[in-house]
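J.: Shown below is the structure under consideration.
The values are calculated or read from the model by the stated rules, or taken from the named source; none is laboratory data. Keep in mind that this is a model prediction, so the values were computed, not measured. Note: ideal-geometry Cβ built from the backbone for every residue, glycine included; neighbour counts use all protein chains shown.
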Amino acid sequence: MARTVDYESRRRAILAATINKYIEEATPVASEDIAKDFDLSPATVRNILAELEESNYLTHPYTSGGRIPTSKGYRYYVDFLLLQMELLEEEKESIAREYKIKINRLEDVLDKTLEILSTITHYTAITYFPEWQDRFFYKGISLVLNQPEFQDYQKIRLLIKIIEDKQYLLNIINRDFREKVKVYIGNELGCAEMESCSLVVSSYRLKDKSFGRVAVLGPMRMEYNHTIPVLGYISDVLTEVMNSI
């Protein structure tokens, strides 16, 4: 029994290492790329990667070559493998300082939030305020389009269309959820034009007890371990700021 537990732990660790490496480098990950980190032979790692592919956590874009995560792989990564997602205190302090500049208008607060989010995450930031006739505002779309996944013109055109149409994204952002931060990965967005994307959403509370939303749109190859705690912290700060205006 102990050997089974050890093997499953190693399998999860190799999946996490593969996803981390792909997030960092945006190129398919070969067994040789991570074998040395586990003191295992490339052949042993290759067999484990093949098992993970059979379970649909990984796939490979070419007949030969390394693996990349599937949306199922990213979901498992977010739900079970990201055990520590805390912001550094210095980063929290930096975010808080940005909001300490005197801001009296609601529009300026939301614009500042877009600026902070897009700058810190390097993805597209989105804010939604419920009283503004179902509109949302965004900044940093070029940061997503610069990602390797969106070098194809057709993908760029379709993604821009979805964002500019707004209603589809608005429907997703306003879905009910109980989590502090909700993550929609790839096909969970229910939109073929966004199958290469992930959307991370959080809420901020207003004086009348209604909720606004703040979100980050990026590639499915997103730095979840940074984006999730950033968004969670900013939603808390935004709640305080919005209720002090």
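J.: Looking at THR4, THR44, can you tell me which residue is modelled with pLDDT of 90 or more, over 27 Å from PRO148 (Cα atoms) and out of contact with any strand residue (DSSP E or B) (no Cβ under 8 Å at 6 or more places or on another chain)?
T.: After applying the criteria, what remains is THR44.
J.: For the stretch 100-129, give me each residue that is at pLDDT below 90 and either surrounded by 13 or more Cβ atoms within 10 Å (Cβ to Cβ) or basic (Lys, Arg) (or both).
T.: Result: LYS100, LYS102, ILE103, ARG105, LEU106.
J.: Looking at the stretch 85-99 only, could you name the residues that are surrounded by fewer than 16 Cβ atoms within 10 Å (Cβ to Cβ), at pLDDT below 90 and touching a helix residue (DSSP H, G or I) at 6+ places or on another chain (Cβ under 8 Å)?
T.: Scanning the stretch 85-99 gives MET85, GLU86.
J.: In addition: Kindly provide the set of residues from the stretch 29-57 that are in contact with a Pro (Cβ under 6 Å, 6 or more places away or on another chain) and closer than 28 Å to SER198 by Cα, ordered by number.
T.: Once the filter is applied, which keeps residues that are in contact with a Pro (Cβ under 6 Å, 6 or more places away or on another chain) and closer than 28 Å to SER198 by Cα, the stretch 29-57 yields only SER31.
J.: Assess whether VAL200 counts as being surrounded by 21 or more Cβ atoms within 10 Å (Cβ to Cβ), in contact with a Ser or Thr (Cβ under 6 Å, 6 or more places away or on another chain) and of a type in the set (A, V, I, L, M).
T.: So VAL200 passes the test.
J.: Answer yes if at least one residue in the stretch 59-72 is outside any loop (DSSP other than H, G, I, E, B) and of a type in the set (Gly, Ala, Ser), and no otherwise.
T.: Checked the stretch 59-72: at least one residue is outside any loop (DSSP other than H, G, I, E, B) and of a type in the set (Gly, Ala, Ser).
One line per residue, one yes/no per condition, for (1) over 30 Å from TYR184 (Cβ atoms); (2) modelled with pLDDT of 95 or more; (3) not assigned by TED's automatic domain parsing to the domain that holds TYR184:
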residue	(1), (2), (3)
ALA30	no, no, yes
ILE34	no, no, yes
ASP39	yes, no, yes
ILE48	no, yes, yes
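J.: Can you spot a residue in the stretch 14-22 that is in contact with a Ser or Thr (Cβ under 9 Å, 6 or more places away or on another chain), closer than 22 Å to PRO148 by Cα and assigned to a helix (DSSP H, G or I)?
T.: Yes, the stretch 14-22 contains a residue that is in contact with a Ser or Thr (Cβ under 9 Å, 6 or more places away or on another chain), closer than 22 Å to PRO148 by Cα and assigned to a helix (DSSP H, G or I).
J.: Within the stretch 30-49, can you find the residues that are surrounded by 14 or more Cβ atoms within 10 Å (Cβ to Cβ), assigned to a helix (DSSP H, G or I) and among the hydrophobic types (A, V, I, L, M, F, W, C)?
T.: Hits for the stretch 30-49 are ILE34, ALA35, PHE38, VAL45, ILE48, LEU49.
J.: What's the number of the condition ASN225 fails, among (1) free of Cβ contacts under 8 Å to residues at least 40 places away in the same chain; (2) under 23 Å from THR27 (Cα atoms)?
T.: (1)
J.: Sticking with this structure for a sec: Can you give me the ranges of the strands (runs of 3 or more DSSP E) entirely in the stretch 135-245 with at least 1 residues that are in contact with a Gly (Cβ under 9 Å, 6 or more places away or on another chain) and of a type in the set (D, E, K, R)?
T.: Passing ranges, in order: 197-205.
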